[in-house]
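Enquirer: Here you go, one structure.
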Amino acid sequence: MLNVAKMIQEPPAHFNFARDVMERWARERPDAVALWWVDESGRHEQKFSFGQLAERFRRATTFFNTVGIHRGDRVLIILPRLPQWWIAMLGLVRLGAVPIPGTPLLTRKDIRYRVETAEARAVITDVDGADKMEGMSAEVRILVGAERPGWTNFDAGVPDASAEFEPEPTRSDEPGIIYFTSGTTGQPKMVWHTQASYGLGHRLTGELWLDLKPADIHWNLSDTGWAKAAWSNFYGPWHMGACVFVMDARGKFDSVATLRTLARYPITTWCAPPTALRLVVRENLSAFRFPHLRHCVSRFTKATARPRPSF
């Protein structure tokens, strides 16, 4: 039996989440659904099996390499909850490039700070993100969902790329992903994680905290820019071979719409921040039925301890 805890404490010399986890599922369970995307209206959806997803992110790897992104390059990626985010993330990881996820809520000033601080070679974003980047320097600019002068179209380039390119294996201790802290005290701090620390370490998140099995369909409310998306929308569920469910909701959180989604789709596990969970439990829960839901988790911040009285 695989001793995952030991692997995390003593990772193998080489590890790459896209190759060692996702491509393994693509070989073993090619037809199992890996990503289930639904738009905010609920009228449009896309499903990707592990086999289909692997084929797409392998092409994305080749596409990135062709346009000038290479192993070790830092890439700022700012996208809403679109399938292209997951495909691009996996393509970058497989290549050995270092994704820097950012929330679409970032301002022009926020983006400039991250590009300059991280020395990002490339940026992947949509039209809204591109508008905020006018006048900023980035050698490679990739646009999702549209054509624009000076930008390379992701949606046109990936399908035409080969799926046969094989990058050199990445070492476990190589940079794997970078996040910026929220900046509640001073400027945001850049924090990098290795290929193993997040890519392998979150196996325990998927198995023990999210309690996931291959038959599960997991929905996490986090937007793609937060580290919570990496834990619960990327590494954790896919380590366990579960399906990642995505509702492309934008704007203000809607607790009733959330409950309707939980009732309508066969979601088995659900992860929500405390602020959203608080709003949900205030609704009339008896008006809904959740026949498939079996496990719910939330991440609570540690309260500040009050000083003990002296006697």
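Enquirer: In the set Thr258, Thr224, Thr269, which member is buried (at least 21 other Cβ atoms within 10 Å of the Cβ), touching a residue at least 60 places away in the same chain (Cβ under 8 Å) and not small (Gly, Ala, Ser)?
Expert: One residue alone meets the criteria, Thr224.
Enquirer: Related question: Quick one: in segment 162-190, which of the residues that are among the β-branched types (Val, Ile, Thr) and within 22 Å of the chain's Cα centre (by Cα) is modelled with the lowest pLDDT?
Expert: Only one residue tops the list, namely Thr181.
Enquirer: How many residues are at pLDDT 95 or above and more than 14 Å from the chain's Cα centre (by Cα) if we restrict to segment 208-223?
Expert: The qualifying residues number 8.
Enquirer: If I filter segment 136-156 down to residues being in contact with a Lys or Arg (Cβ under 9 Å, 6 or more places away or on another chain) and small (Gly, Ala, Ser), which single residue comes out as farthest from Asp110 (Cα to Cα)?
Expert: Gly150
Enquirer: Considering only helices (runs of 4 or more DSSP H) fully contained in segment 93-172, which possess at least 3 residues that are more than 30 Å from Val21 (Cα to Cα)?
Expert: Output list reads 108-118, 127-132.
Enquirer: OK, next. (1) within 30 Å of Pro169 (Cβ to Cβ); (2) surrounded by fewer than 24 Cβ atoms within 10 Å (Cβ to Cβ); (3) of a type outside the set (S, T, N, Q): which one isn't true of Asp131, the others all being true?
Expert: Asp131 satisfies every listed condition except (1).
Enquirer: Please state which of the following conditions Thr184 fails to meet, knowing it meets all the rest: (1) within 15 Å of Ile100 (Cβ to Cβ); (2) surrounded by fewer than 19 Cβ atoms within 10 Å (Cβ to Cβ); (3) of a type in the set (Val, Ile, Thr).
Expert: Unmet condition: (1).
Enquirer: Considering only residues that are surrounded by 15 or more Cβ atoms within 10 Å (Cβ to Cβ) and at pLDDT below 95, which ones fall in segment 3-39?
Expert: Passing the criteria: Val4, Met7, Ile8, Pro11, Asp39.
Enquirer: Using the structure shown, decide if Thr117 is more than 15 Å from Leu79 (Cβ to Cβ), touching a residue at least 40 places away in the same chain (Cβ under 8 Å), surrounded by 12 or more Cβ atoms within 10 Å (Cβ to Cβ) and out of contact with any helix residue (DSSP H, G or I) (no Cβ under 6 Å at 6 or more places or on another chain).
Expert: Here the answer is yes, as Thr117 does meet what is asked.
Enquirer: Does segment 40-86 hold any residues that are assigned to a strand (DSSP E or B), among the basic types (Lys, Arg) and under 30 Å from Asp254 (Cβ atoms), and which are they?
Expert: Residue satisfying the conditions is Lys47 alone.
The values are calculated or read from the model by the stated rules, or taken from the named source; none is laboratory data. Note that this is a predicted model, so its numbers are computed, not measured. For neighbour counting, all protein chains shown are included, and Cβ atoms are generated from backbone atoms with ideal geometry for every residue, glycine included.
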